[in-house]
Amino acid sequence: MAALTADDVSVQLLPENVDFTQQLRKLNLVTIAFGDGSKTYPSGGIPLPDKGRFGMLQAILAMIFMQTADGYVYGYDKTNHKLRIFFCDYDALADGPLAEVGTSHAPAATTLEVLVLGE
């Protein structure tokens with residue numbers, strides 16, 4: 001099964017939240033949609049589209065993910081510009097309380113609401 005790529009990720013910048021001023025920092029609300037169960041989670045996270053798709057010109061500084069009901073915890077890997085997915089590992093024997101999903105995981109259709117801080 002092929003792994004997810006940036007081309008499999010859809011980002012929608014919600015127009016009511018776009019800051020069109022010339023301020024250095026911006027805070028935009030976007031949705032990120034990915035997965036359909038046919039492609040697997042790539043090692044190290046799902047590559048994201050370029051920063052312009054998030055309404056940023058220079059850089060994405062942080063992403064704040066709204067809570068979902070699917071049981072996963074989502075994080076932004078700023079260094080590699082990837083979406084990382086974690087699950088609760090209650091036995092916490094070897095990998096701690098949160099563990100990253102494996103490369104055999106095929107995410108179902110998922111849409112996340114995300115606050116993006118950038119420049």
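Worth a mention:
- Some residue of segment 93-105 being small (Gly, Ala, Ser) and closer than 19 Å to Met1 by Cα: yes
- Cross-chain or 6+ apart pairs with Cβ under 6 Å, segment 31-51 first and under 16 Å from Ser104 (Cα atoms) and touching a residue at least 60 places away in the same chain (Cβ under 8 Å), then surrounded by fewer than 13 Cβ atoms within 10 Å (Cβ to Cβ) and of a type in the set (Gly, Ala, Ser): Gly35/Ala108; Gly35/Ala109; Asp36/Ala109; Gly37/Ala108; Lys39/Ala2
- Among (1) modelled with pLDDT of 90 or more; (2) surrounded by 16 or more Cβ atoms within 10 Å (Cβ to Cβ) - the single one Thr103 does not satisfy: (2)
- Scanning segment 8-43 for residues that are modelled with pLDDT of 90 or more and assigned to a helix (DSSP H, G or I) yields a single hit, Asp8.
- Scope segment 44-78; condition at pLDDT below 95 and of a type in the set (Ser, Thr, Tyr); matching residues: Thr68, Tyr72
The values are calculated or read from the model by the stated rules, or taken from the named source; none is laboratory data. Everything numeric in this text was worked out from a predicted model, so none of it was measured. Neighbour counts are summed over all protein chains in view; Cβ atoms, including those assigned to glycine, are modelled from backbone coordinates with ideal geometry.
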